[in-house]
Amino acid sequence: MAFLYCRPTCTPSDFALLITGRAIERARLLEERQEAERVRQGAELKSALLSSFGHDLRTRFHHVRLQACD
């Protein structure tokens with residue numbers, strides 16, 4: 001854990017505010033990390049869906065084209 005610096009004239013309530021500020025900052029960073037992970041997962045799902053959809057379309061188009069050539 002990082003060292004919390006408080007001036008020698010800090011009161012216990014000053015120290016408590018410092019600790020509370022650190023906890024709030026840590027919670028904010030955790031939320032940002034979780035949001036970034038959700039965005040990354042969404043992008044992966046979108047990419048996989050588009051790839052699969054594209055493959056299905058190419059396969060069907062290929063079959064239609066083969067039938068048209070017969």
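Where a number appears in this text, it was derived from the coordinates with a stated rule and is not lab data. Given the structure is predicted, the values throughout are model-derived calculations rather than measurements.
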In degrees between 0 and 90, to the nearest 10, how far off the longest principal axis of the chain does helix 12-69 point, with axes built from Cα atoms?
0
Calculate for the chain the 222 nm mean residue ellipticity that helices alone would give, adding -39,500 (n - 2.57) per DSSP H run of length 4 or more and normalising by residue count, nearest 500 deg cm²/dmol.
-31500 deg cm²/dmol
Among (i) 91, 16, 11; (ii) 71, 20, 11; (iii) 31, 24, 14, the entry derived from the coordinates for Cα extents along the principal axes in Å
(i)
